[in-house]
1. Just the number please: accessible area per residue for the chain, 1.4 Å probe, all protein chains included, in Å².
2. Out of the total accessible area of segment 33-101 (probe 1.4 Å, heavy atoms of protein only), what percent is carbon and sulfur?
3. When the helices in the chain are scored as -39500 (n - 2.57) per DSSP H run of 4 or longer and the sum is shared across all residues, what 222 nm value do you end up with, to the nearest 500 deg cm²/dmol?
4. So if I place +1 on the C-beta of Lys and Arg and -1 on the C-beta of Asp and Glu, and nothing else carries charge, what would the dipole magnitude of the chain be about its Cα centre? I want it in debye, nearest 20.
5. State log₁₀ I(q)/I(0) for segment 1-97 at q = 0.12, 0.25 Å⁻¹ as given by the Debye formula over alpha-carbon point scatterers of equal weight, solvent excluded.
6. Note the angle between two axes, namely the Cα long axis of helix 117-140 and the longest principal axis of the Cα atoms of the chain, as a number of degrees from 0 to 90, rounded to the nearest 10.
7. Taking K and R as +1 and D and E as -1, what net charge do the other residues with C-beta under 15 Å from the C-beta of Glu78 add up to?
8. Could you work out the relative contact order of segment 29-141, using alpha carbon pairs under 8 angstrom and six or more residues apart, expressed as a whole percent?
Amino acid sequence: MKINDVLRGKGHEVVTISPQATVTELLALLAEHNIGAVVVSADGTSVAGIVSERDVVRLWNGTPEAGEVRVSAIMTAEVRTCTPDDLIDNLMRLMTEHRIRHVPVVVDGALTGLVSIGDVVKSRIGELEFEKEQLSNYISS
C-alpha cells in the first residue's frame with residue numbers, strides 16, 4: 001500500500017500556519033481543526049517546518065509570555081517528508097526511527113498532504129481486516 005492510497009481516503013487538505021504567527025494563534029488553529037500538528041509554510045505550499053502540541057508544551061514550561069512567541073522559534077525546521085508513491089511500510093519505519101507522528105507529503109517541492117500515525121494505523125487495520133476476511137472466505141469455501 002502507498003501513501004497515495006491513504007490520501008485518497010482522507011483527502012489532501014493540509015492546515016498550515018505562517019512562521020510569523022504567534023503560539024496563541026497556533027493554539028487556536030489546533031483547537032479549531034482538532035489536530036495535533038500544523039505544517040509551517042509562508043505560502044501554503046512550501047514546507048518551512050512543522051509544529052506540534054509537544055513543541056508548545058516544551059515552550060510553555062517556564063517561558064513567560066509564551067503565547068507571543070513566534071511559531072518559527074519553536075518549529076522543527078528539519079522536516080522528514082514523503083511522496084505519494086512511498087510505501088506505507090517505509091513511512092512506518094521513518095516514523096518509528098525518528099519518533100515523529102506527522103509527515104508532510106510533498107511533490108516537486110509542493111505540499112500535497114499530511115499523513116499522521118493515526119492515518120497509518122487506520123490503513124494497516126484496514127489491510128489486516130481485508131486479509132482476515134479473505135482467509136475466512138478461503139477456509140469456508
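1. For the chain, the solvent-accessible area averages 61 Å² per residue.
2. It is 46 percent, rounded to a whole number.
3. The helix-only estimate for the chain comes to -14000 deg cm²/dmol at 222 nm.
4. 280 debye
5. Taken in order of the listed q values, log10 I(q)/I(0) reads -0.43, -1.32.
6. Between helix and principal axis, roughly 10 degrees.
7. My count for the surroundings of Glu78 gives 0.
8. Reported as a whole number, the value is 20 percent.
The values are calculated or read from the model by the stated rules, or taken from the named source; none is laboratory data. What you are looking at is a predicted structure, and each value in this text was computed from that prediction instead of being measured. As a convention, Cβ positions derive from the backbone with ideal geometry for all residues, glycine included, and neighbour counts pool all protein chains shown. Quick note on the areas: whole protein, heavy atoms, side chains included, nothing else; ligands and nucleic acids left out. Shrake-Rupley method; radii C 1.70, N 1.55, O 1.52, S 1.80 Å.
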